[in-house]
1. Could you check how many residues of segment 7-28 are aliphatic (A, V, I, L, M), touching a residue at least 40 places away in the same chain (Cβ under 8 Å) and either within 12 Å of the ligand (Cβ to nearest atom) or in a strand (DSSP E or B) (or both)?
2. Can you name the condition, by its number, that Ile99 falls short on among (1) surrounded by fewer than 20 Cβ atoms within 10 Å (Cβ to Cβ); (2) within 11 Å of the ligand (Cβ to nearest atom)?
3. Got a number for residues in segment 102-112 being within 12 Å of the ligand (Cβ to nearest atom) and touching a strand residue (DSSP E or B) at 6+ places or on another chain (Cβ under 7 Å)?
4. Quick one: which residue in Asn157, Asn188, Asn200, Asn179 is open to solvent by less than 20 Å² (accessible area, probe 1.4 Å) and more than 22 Å from Ala8 (Cβ to Cβ)?
5. If you scan segment 127-179, which residues turn out to be assigned to a loop (DSSP other than H, G, I, E, B) and touching a residue at least 40 places away in the same chain (Cβ under 8 Å)?
6. Being more than 15 Å from the chain's Cα centre (by Cα), modelled with pLDDT of 95 or more, exposed (fewer than 14 other Cβ atoms within 10 Å of the Cβ) and within 12 Å of the ligand (Cβ to nearest atom) narrows it down to one of Lys37, Lys82, Lys4, Lys50, so name that one.
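The values are calculated or read from the model by the stated rules, or taken from the named source; none is laboratory data. Since this is a predicted model, take the numbers as computed values, not measurements. Here the Cβ positions follow ideal geometry from the backbone for every residue, glycine too, while neighbour counts run over all protein chains shown. Each accessible area value is taken on the protein alone, full model and side chains, heavy atoms only, with ligands, DNA and RNA left out. Shrake-Rupley method; radii C 1.70, N 1.55, O 1.52, S 1.80 Å.
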Amino acid sequence: MISKRLKAIASLIDKNSKVIDIGTDHAYLPIFLYNNKITTKITATDVSEKVLENSFKNLTKNELENKIKLIKSDGFNNVCEKYDIAVIAGMGAHTIIKILNSSNLPDKLIIQSNNNIDILRKNMNELNYKIDKELAILDKNKYYNIIKYEKGKEKLNNNQLLFGKSNNKNYYKYLLEKNNILYKKTKNEKYLSNIANLQNIIEKILD
Ligand SMILES: C[S@@+](CC[C@H](N)C(=O)[O-])C[C@H]1O[C@@H](n2cnc3c(N)ncnc32)[C@H](O)[C@@H]1O
């Protein structure tokens, strides 16, 4: 059974698209995509040989070792083919930003960073990608921001850089609570400004 987070990522993948999962780890996402007939054109990569041995075992358990391609690669370095969409998920923003420094990026990307999401949003802007869809998913008491990008320009305002473009009211309420706690602790004015901005965002989202 794959996580709610990975299922949400899978929900953003266009049917029958050619997909590459960068940093696949257990290959859970590729296996889910194949078994649920979302697409059969899947490559999974990882920088670690050891991880790939495990991925291969999981593919074999699912009789998919001849269906899903595995590549050992640091980011896109050993990736020669072109893909419709790449998934880069479950890593820190700085690792993701390094991986994005490639001339072989597809026109569509699904990004899920474990931290510094505002820095990543800014970086994606600078790389001329715009947000197509953003999800804020609660999985085992933790929120994950999953962003589907497509080629194109967009100017994000400060609120969008900080808080994203999801439509999840509960996520913004969670951020509001977090900023309230941080303000009480530190009395730092930036949290007061975040609180006002988040209240504004929450009021505008219909139930
Ligand atoms: C925490 S796992 C995330 C697995 C999966 N993508 C997910 O979202 O559940 C991170 C994986 O990324 C791999 N990784 C880290 N840096 C990488 C890089 N530069 N290129 C490819 N894989 C990388 C690690 O070896 C590890 O298997």
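1. Going through segment 7-28, the residues aliphatic (A, V, I, L, M) turn out to be 8-10, 12-13, 19-20, 22, 27.
Pick out the ones that are also touching a residue at least 40 places away in the same chain (Cβ under 8 Å) and you get 8-9, 12-13, 19-20, 22, 27.
Filter again for either within 12 Å of the ligand (Cβ to nearest atom) or in a strand (DSSP E or B) (or both), leaving 8-9, 19-20, 22, 27.
Of the residues in segment 7-28, 6 are aliphatic (A, V, I, L, M), touching a residue at least 40 places away in the same chain (Cβ under 8 Å) and either within 12 Å of the ligand (Cβ to nearest atom) or in a strand (DSSP E or B) (or both).
2. It is condition (1) that Ile99 fails.
3. Of segment 102-112, the ones within 12 Å of the ligand (Cβ to nearest atom) are 102, 110-112.
Next, only the ones that are touching a strand residue (DSSP E or B) at 6+ places or on another chain (Cβ under 7 Å) stay: 110-112.
So the count comes out to 3.
4. Working: Asn157 fails: open to solvent by less than 20 Å² (accessible area, probe 1.4 Å); Asn188 fails: open to solvent by less than 20 Å² (accessible area, probe 1.4 Å); Asn200 fails: open to solvent by less than 20 Å² (accessible area, probe 1.4 Å).
Matching residue, one of Asn157, Asn188, Asn200, Asn179: Asn179.
5. At the first step, the residues of segment 127-179 found to be assigned to a loop (DSSP other than H, G, I, E, B) are 127-128, 140-141, 152-157, 164-168.
Answer for segment 127-179, where residues must be assigned to a loop (DSSP other than H, G, I, E, B) and touching a residue at least 40 places away in the same chain (Cβ under 8 Å): Lys140, Gly164.
6. On the way: Lys37 fails: within 12 Å of the ligand (Cβ to nearest atom); Lys82 fails: within 12 Å of the ligand (Cβ to nearest atom); Lys4 fails: more than 15 Å from the chain's Cα centre (by Cα).
Among Lys37, Lys82, Lys4, Lys50, only Lys50 is more than 15 Å from the chain's Cα centre (by Cα), modelled with pLDDT of 95 or more, exposed (fewer than 14 other Cβ atoms within 10 Å of the Cβ) and within 12 Å of the ligand (Cβ to nearest atom).
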